[in-house]
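The values are calculated or read from the model by the stated rules, or taken from the named source; none is laboratory data. Because the structure is a prediction, the values reported are computed rather than measured. Every residue, glycine as well, gets a Cβ built from its backbone with ideal geometry; the counts of neighbours run over all protein chains shown. We work out accessible area using only protein heavy atoms, side chains counted, and drop any ligands, DNA or RNA first. Shrake-Rupley method; radii C 1.70, N 1.55, O 1.52, S 1.80 Å.
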Amino acid sequence: MQTVIEIIAQVVLVLSSLFLILTILMHKGSGGGLSDMFGGGLTSSAGSSGVAMRNLNRITVVTAIIWLISVIVLGLLPRIFS
């Protein structure tokens, strides 16, 4: 039973990690940082709607919560099944 839960938690951790990286990189930069180095300075003048940024923020927060829960589950599994 432990190995099944552990494999599921590891898969969720990897997928949420990749999705979290993707959503963080999609945020509009405030200028002068790494986002300008990757072309964020050019796209920031075009801008995006406030609703899109709010939705992206919500998706990022939910993904971070899922990531945190999977890390906690992986950390507690050895203590629960020992």
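On the beta carbon distance between PHE81 and ILE24, with R0 = 22 Å, the FRET formula returns roughly 0.10. The accessible-area ordering, largest first, of the residues LEU77, LEU15 stands as LEU15, LEU77, per a 1.4 angstrom probe.
Computed FRET efficiency, Cβ-Cβ of ALA52 and GLN2, R0 35 Å: what is it to the nearest 0.05?
Values: r = 42 Å, r/R0 = 1.19.
Once rounded, the FRET efficiency stands at 0.25.
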